[in-house]
1. Cut-off 10 angstrom, C-alpha nodes, Gaussian network model of chain B. Which of B:231, B:256, B:118 fluctuates the most?
2. Which whole number gives the average, over all residues in B:280-291, of C-beta atoms from other chains lying within 10 Å of the residue C-beta?
3. Which shape class applies to segment A:31-145: rounded if a/c is under 1.5, otherwise prolate when a/b exceeds b/c and oblate if not, where a ≥ b ≥ c are the square roots of the Cα gyration tensor eigenvalues?
4. With a ≥ b ≥ c taken as the square roots of the eigenvalues of the C-alpha gyration tensor of segment A:78-207, please select rounded if a/c is under 1.5 and otherwise prolate if a/b is larger than b/c or oblate if it is not?
5. In Å², and per residue, what accessible area does segment B:162-243 have when probed at 1.4 Å with the other protein chains present?
6. With a cut-off of 15 Å, note down the residues of segment B:1-36 whose backbone N falls inside the zone around a label point 7 Å from the Cα of residue B:138 toward its beta carbon.
7. Here are some pairs, A:145/A:318; A:145/B:306; A:326/B:302; which of them have Cα atoms lying more than 27 Å apart in this structure?
8. Under the rule a/c < 1.5 gives rounded, and otherwise a/b versus b/c splits prolate from oblate, where does chain B land using the Cα gyration tensor?
Amino acid sequence: VSQNATGERGSAFGRIVAGALGPLVFPVIAIVLSFIIGAVIILLTGNNPIIAYASLVEGAFGDPLALGRTLLYTTPLIFTGLAVAVAFRAGLFNIGGEGQIFVGAVTAAWLGVSLGSLGPIAIPLVLVGSLAAGFLWGAIPGVLKAYFGAHEVITPSVLNYVGIYLADYLANNPLRQKGPIPGTETIDFAVRIPVIGAALGRANYGFVLAILAAAARPPQEQVVLALAIGGSLAGLGGGVEILGVYGNMDVPWVSNLGFNGIGVALLGRNHPVGVVLGALLFGALFSGAQEMQFATNVPLELTEVLLAVILLLVTATKLVELIVGKRARALAGARLEEGLGS
Amino acid sequence: VEDLLGTTGSILQSTIRNATPLIFAALGGLFSERSGVVNIGLEGLMLIAAFAGVVGSFFTGSALVGLLTGLGAGLLFALIHALMCITFEADQIISGTAINLLALGGTAFLMVTIFGSGGTSPRVTGFGSVAIPLLSDIPVIGAALFDQSVIVYLMYIMVPVVYFAVFRTTFGLRLRATGEVPEAVDTAGVNVQRIRYYGVALSGLLAACGGVYLSMGLLTAFTENMTGGRGFIALAALIFGRWNPIGAAGAALLFGFAQAITYRVSEQTVPIEFIQMFPYVLTIIALAFFGGRAIAPAAIGKPYRKE
């Protein structure tokens, strides 16, 4: 009897939590646990987790400069997060974001220079080019899956490397700047964009595309289109990075944005607003990491560990049940992984 | 003629060296996937073991200790994956992806914490080549097959051992049944979740051997992200090999050969990026043409819930 009573109490607590947080239960539990694990790691490095986390927040939101930097880190994650979310909504897993953002970026680096004489008129043309490149790159695993039965996850995982090497080749050869430093030529300032405005507008665009992707059509075309649309968003993200942040493409160009988009999408439960919030959290962690390293000498790579742990926990159904109880988990919505292709 | 034989021998030797980490990872993936748990995280399991092996060897000067620390790290990360997928019923592909990112971020973090900077670790004692008397004197193939690191010899042993374990033992029967019809296994009174834990744990140990070979056999240092997609190529090899150890090893040898011939192509004739791209492109072509016909274990990817 007593066991039963404990169970009831447990789930009553859980129902209150789930009622208040609704679909945020999975993300919140993943984030909180990740930060607790992070605190243990910080303690192991001989530092104070409270000081470390305080400096992280300070570095992400402490002053206008920090805030601007946070938004700068957030922007590409909105794109790659949407790139994953759109595919999830069609029941597909887009793990190819890394390759897609590279081909989008190198396309922008090319068009930005070659159309530079057009001035600001070139901006939409460059971005459409990035979008198209991402679309085609995303369509490749889509076609291979839909018509050849190639593995949905392994194919794009391998294709990521092809995309990165292809971008490297283009940046190192036809697009290479003069002089000893590798990288493409720098794009004229007339063709550059303020990055934040562009990003927020795209959240809506991503939502429209998600609906489009869910429309009825033959299942094989559906697969190709959903993955290609996802790819177009990641490609566009690459273009925005080049026009908004870098101005050219360095070799090697460091990204990992495609992979982090997966965590962003899952934290945001594949909803455009959720994706923006998820991207903001990830962006803030990247933005504040430098300050944390400065204040406590905890390596800034801790951020990547925290993000990986969030991803590890964000679909853990039974773990959530363990914490908030079974019925409360039901309130938090269907199991997160339902509808994912595998 | 002698020149041709010499070239053949050295390509063969390079093929085996490049195939070894793929074969270990594919054998590991086989145990996990045969039990019904997808293991996209092979890449991360190899990477963390490659790193832990170098750390173990760095602090003790013993390659053997390095192998053990590498195995320990691979096992630990595999058990995290198992806990998430089997006990907590997380999405298996997401969990595997998270394992890859955790290994990537974790090794970057620990490189700074332990060695003071990222990039490449200090050089450590590894497993150098040990020529087997008589066998290594066989013309052409002798040196290629029998003048290798002990980890390569371990691989020669593991392929038939895994075959025997999977197809000729009670454990193997239960493992395969768990991946195909877990309900029947459960009805027979065997604990499905425990079998899956064993499967994933074995995948960690085998992938770890591949990772340790990368950092302490092929090289004698750890470099960030040194696995470079080998975990995924190993999964592709597993598909072509139809989840059979001999088949997977054969496919891995083919990919190892693709890697080996890229070292023969001159950068003057083909841009280096295309040379580096070649094994990946070949993998994708192979996935497209043969991947669709392979049939995965029926219960793969689904958590088992006792009714």
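1. Maximum fluctuation in the GNM of chain B, among the listed residues, is at B:118.
2. 6
3. Because a/c hits 1.5 or more and a/b fails to exceed b/c, segment A:31-145 counts as oblate.
4. Numbers: a/c = 2.59, a/b = 1.42, b/c = 1.83.
It is oblate, given that a/c is not under 1.5 and a/b is not larger than b/c.
5. 36
6. B:9-10, B:12-13, B:16
7. Flagged as over cut-off: A:145/A:318; A:145/B:306.
8. Note, shape of chain B comes out prolate.
The values are calculated or read from the model by the stated rules, or taken from the named source; none is laboratory data. This is a predicted model, so every value here is computed, not measured. Note: ideal-geometry Cβ built from the backbone for every residue, glycine included; neighbour counts use all protein chains shown. Side chains are part of the model used for accessible areas, which takes the heavy atoms of the whole protein and leaves out ligands, DNA and RNA. Shrake-Rupley method; radii C 1.70, N 1.55, O 1.52, S 1.80 Å.
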